[in-house]
Amino acid sequence: MNREEIIRQSILEDVGDGDHSSLACIDPNLQGSMKLLVKQDGILAGVEVAKEVLNIIDPSIKMEQLMHDGDEIHKGDIVFIIHGSAQKMLTAERTVLNFMQRMSGIATSARHYVNLVKGTKCTILDTRKTTPNMRLFEKQAVKTGGASNHRFGLFDMIMLKDNHIDFAGGIEKAIDKTHAYLQKNNLNLKIEIETRSIDDVKRVLKHGGVHRIMLDNFTVEQTREALQLIDGQYETESSGGITEETIRSYAETGVDFISVGALTHHINSLDLSLKFVD
């Protein structure tokens, strides 16, 4: 599904055959205003999605935008004020908040991790640990927070992980079979391979044929050893077992990337609310 289709499905999921609460007690001709109120400090994300939700539900709703995606927000800030049909604004309320609260939570988390490695050359990456059908928006929020996107899905990069290697019969066979597949199908995709030990790193270096080496569940000391062996020949990525407390130590080894599943997998939505303006 594309962006608009996902938003439309989200609205349909909430509205069904009608917003009966608003239809029951709100005059269809009543016009009014609502404000998006920040109730928790963080990084703002999802304003552009909110605009799309409102436009689909009622194109006549007007937004007075006061803050933008990527802004630091604080409790008490007003992000935007909307004006239009009271019924339609109430119908849009929860879908707007569901997108914005989750996206702002992810952007806030991403900014936090980026700040933890600030001053090093390391880039923080997300993963595919996303909410089904929300990946497009969650990865957008990661970028809004200042981190970067790993591959979007299974189709835009080759990642040979432990299970691929084991099923293929080993590191060398996995790499060779991958190159044969790419050539046969006329595909131009970068190849990343997961290593689980220093011995694995040595085998990859001896065999070659990849673009990036993932150091999975390596200690900081093992990471330094692996980087010395790799010596800049390939991009490097640390993953697995890295916490907020240890991430800077990993970044200071000189590794190029650290992937953090928690950016989209273990996040708290930011507290925002849409409120009636008297």
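The values are calculated or read from the model by the stated rules, or taken from the named source; none is laboratory data. Just so it is clear, the model here is predicted, and its values are computed rather than measured. Positions of Cβ are backbone-derived with ideal geometry, glycine not excepted, and every protein chain shown enters the neighbour counts. When the accessible area is computed, the model is the full protein with side chains, heavy atoms only, and any ligands, DNA or RNA have been set aside. Shrake-Rupley method; radii C 1.70, N 1.55, O 1.52, S 1.80 Å.
Hey, rough spin-label estimate for Leu12 and His265, points 7 angstrom out along Cα→Cβ, what's it come to in nanometres?
Going from the Leu12 label point to the His265 one covers 3.1 nm.
Expressed as a whole percentage, what fraction of the accessible surface of region 20-112 belongs to carbon and sulfur atoms when a 1.4 Å probe is rolled over the protein heavy atoms?
Roughly 51 percent of what the probe reaches on region 20-112 is carbon or sulfur.
Answer rounded, prolate or oblate for region 228-278, using the Cα gyration tensor with square roots of eigenvalues a ≥ b ≥ c: rounded when a/c is under 1.5, else prolate when a/b is larger than b/c, else oblate.
Prolate, because a/c is 1.5 or more and a/b exceeds b/c.
Once you wrap a convex hull around the alpha carbon atoms of the chain, what is its projected area averaged over all directions, in nm²?
For the chain, the mean projected area of the Cα convex hull comes to 17.2 nm².
First check a/c for region 184-278, with a ≥ b ≥ c the square roots of the eigenvalues of its C-alpha gyration tensor; if it is under 1.5, answer rounded, and if not, answer prolate when a/b is larger than b/c or oblate otherwise.
It comes out oblate by the Cα gyration axes.
May I ask you to compute the full-extension gain from Leu37 to Lys75, defined as 0.36 nm times their residue separation minus their alpha-carbon distance, rounded to one decimal in nm?
Working: separation 38, 0.36 × 38 = 13.68 nm, distance 0.80 nm.
Extra length available between Leu37 and Lys75 comes to 12.9 nm.
Given only helices, namely DSSP H runs of n ≥ 4 each adding -39500 (n - 2.57), what is the per-residue ellipticity at 222 nm of the chain, to the nearest 500 deg cm²/dmol? List each step's numbers first, then the result.
Numbers: 11 runs with 122 residues, N = 278.
Calculated from helices alone, the mean residue ellipticity at 222 nm is -13500 deg cm²/dmol.
Only Cα pairs under 8 Å and at least 6 apart count here; give the relative contact order of the chain as a rounded whole percent.
So the answer I get is 23 percent.
At a 10 angstrom cut-off on C-beta neighbours, averaged per residue, how do the peptides 87-94, 100-107 rank from highest to lowest?
The packing order, highest mean first, is 100-107, 87-94.
How high is the relative contact order of region 20-152, in percent, counting Cα pairs under 8 Å that sit 6 or more residues apart?
Details: 218 pairs, mean separation 37.5, N = 133.
With pairs under 8 Å counted, the relative contact order is 28 percent.
How about region 163-255: which GluC sites (Glu not before Pro) there are in a DSSP loop, with at most 16 other Cβ atoms within 10 Å of their Cβ?
Glu244, Glu245, Glu252
Which percent of the accessible heavy-atom area of region 169-232 goes to carbon and sulfur, probe 1.4 angstrom?
Numbers: 1640 of 3670 Å².
Solvent-exposed carbon and sulfur of region 169-232 make up 45 percent of the total.
Would you kindly derive the ³J(HN,Hα) couplings of region 251-263 from the backbone phi angles with the Karplus curve 6.51 cos²θ - 1.76 cosθ + 1.60 (θ = phi - 60°), listing them in order in whole Hz, with x for Gly and Pro?
Using θ = phi - 60°, the values come out as 4, 6, 6, x, 4, 6, 9, 10, 8, 10, x, 5, 4 Hz.
Give the whole-number value, in cubic angstrom per residue, of the convex hull volume spanned by the C-alpha atoms of region 1-126.
Dividing the Cα hull volume of region 1-126 by its residue count gives 116 Å³.
What FRET efficiency comes out for the pair Met157/Glu4, r = Cβ-Cβ distance, R0 = 25 Å, nearest 0.05?
0.45
Lysines within cross-link reach of Lys202: Cα-Cα under 27 Å, excluding same-chain residues under 8 positions apart?
Lys121, Lys161, Lys173, Lys177, Lys190
Rounded to the nearest 0.05, what FRET efficiency is calculated for Asp58 and Asn133 with R0 set to 30 Å and r the Cβ-Cβ distance?
Between Asp58 and Asn133 the formula returns 0.80.
Show which lysines lie in cross-link reach of Lys39 when reach means a straight Cα distance below 16 angstrom and same-chain residues fewer than eight apart are skipped.
Excluding near neighbours in sequence, the set is Lys75, Lys275.
Taking just the alpha-carbon atoms of region 58-179, what radius of gyration and Dmax come out, in angstrom?
Answer for region 58-179, Rg first and Dmax second: 20.2, 63 Å.
Given the options Val53, Val204, Gly18, identify the residue whose Cα lies farthest towards the positive end of the charge dipole of the chain (+1 on Cβ of Lys, Arg; -1 on Cβ of Asp, Glu).
The one lying farthest along the dipole's positive direction is Val204.
At a threshold of 8 angstrom on Cα-Cα distance, excluding pairs fewer than six apart, so keeping six or more, what relative contact order does region 181-278 reach in percent?
Value for region 181-278: 21 percent.
Once you sort the root eigenvalues of the Cα gyration tensor of region 90-248 as a ≥ b ≥ c, which label holds: rounded (a/c under 1.5), prolate (a/b larger than b/c) or oblate (the other case)?
Oblate, because a/c is 1.5 or more while a/b does not exceed b/c.
Can you give the charge dipole size of region 79-206 about its Cα centre, rounded to the nearest 20 debye, using +1 on the beta carbon of Lys and Arg and -1 on the beta carbon of Asp and Glu?
Once rounded to the nearest 20, the dipole reads 220 debye.
Can you find, among Ile171, Ser239, Val142, the residue sitting farthest towards the positive end of the charge dipole of region 123-277, where Lys and Arg contribute +1 and Asp and Glu -1 at Cβ?
Going by the Cα projections, it comes out as Val142.
So with the 1.4 Å probe, I'd like the accessible area per residue for the chain, rounded to whole Å².
I get 51 Å² per residue for this part.
Of all beta bridges DSSP finds with both residues in region 150-278, what is the antiparallel percent, to the nearest 5?
Roughly 0 percent of the beta bridges in region 150-278 run antiparallel, per DSSP.
If you put +1 on each Lys and Arg Cβ and -1 on each Asp and Glu Cβ, how big is the dipole of the chain around its Cα centre, in Debye rounded to 20?
Around 480 debye, computed over the chain.
Taking the Cα of Ala168, stepping 7 Å toward and past its beta carbon, and measuring to each backbone N in region 111-146: which are under 20 Å?
128
Please compute the modelled spin-label separation between Leu30 and Glu221, points set 7 Å along Cα→Cβ, answer in nm with one decimal.
6.9 nm
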